[in-house]
1. Which ³J(HN,Hα) values, rounded to whole Hz and listed in residue order, are derived for the range 36-46 from phi using the Karplus coefficients 6.51, -1.76 and 1.60 in 6.51 cos²θ - 1.76 cosθ + 1.60 with θ = phi - 60°, glycine and proline given as x?
2. Can you compute the charge dipole magnitude of the chain about its Cα centre, using +1 on each Lys and Arg Cβ and -1 on each Asp and Glu Cβ, nothing else charged? Give it in debye, rounded to the nearest 20.
3. How large is ³J(HN,Hα) for each residue in the range 8-13, as worked out from phi by the Karplus curve 6.51 cos²θ - 1.76 cosθ + 1.60 (θ = phi - 60°), to whole Hz, x for Gly and Pro?
4. Test of understanding: in a Gaussian network model of the chain with alpha carbons linked when under 10 Å, which of 38, 13, 52 would top the mean-square fluctuation ranking?
5. Charges on Cβ only, +1 for Lys and Arg, -1 for Asp and Glu, centred on the Cα centroid of the range 21-74; of 31, 62, 74, which one is farthest towards the dipole's positive end?
6. Mind checking the angle between helix 50-74 and the chain's longest principal axis? C-alpha axes, 0 to 90 degrees, to the nearest 10.
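Nothing in this text is a laboratory measurement; each read-out follows from the coordinates by a stated rule. The structure displayed is predicted, hence computed values, not measured ones. Note that each Cβ is placed from the backbone with ideal geometry, even for glycine, and that neighbours are counted across all protein chains shown.
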Amino acid sequence: MDCYLSKNDDRTFSAYPFYPSADVRYLAPMLRFTHEPFRLWLQRVDVYSEGFKDLLGWIERVNARVFMEFDQKYDGG
């Protein structure tokens, strides 16, 4: 189980299974940098199909739109 640890009063640690929410400022750039290598890997292992092409294109467009909306709202642009 992948989780955070919280420190107890007796200096031991316990699992804290509540994750922080995802932040678009971190996720959008990471997705942008990993998208093309993933596409190339799918081609290399010979599983890249028209369905994957459409899906990855859609993900790319949604990611760009989410990032632009966030940037307009919180960057003053």
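1. 5, x, 5, 4, 5, 5, 4, 5, 5, 8, 6
2. 100
3. 8, 4, 8, 6, 9, 10
4. So, out of 38, 13, 52, the one fluctuating most is 13.
5. Most positive-ward Cα: 74.
6. 60
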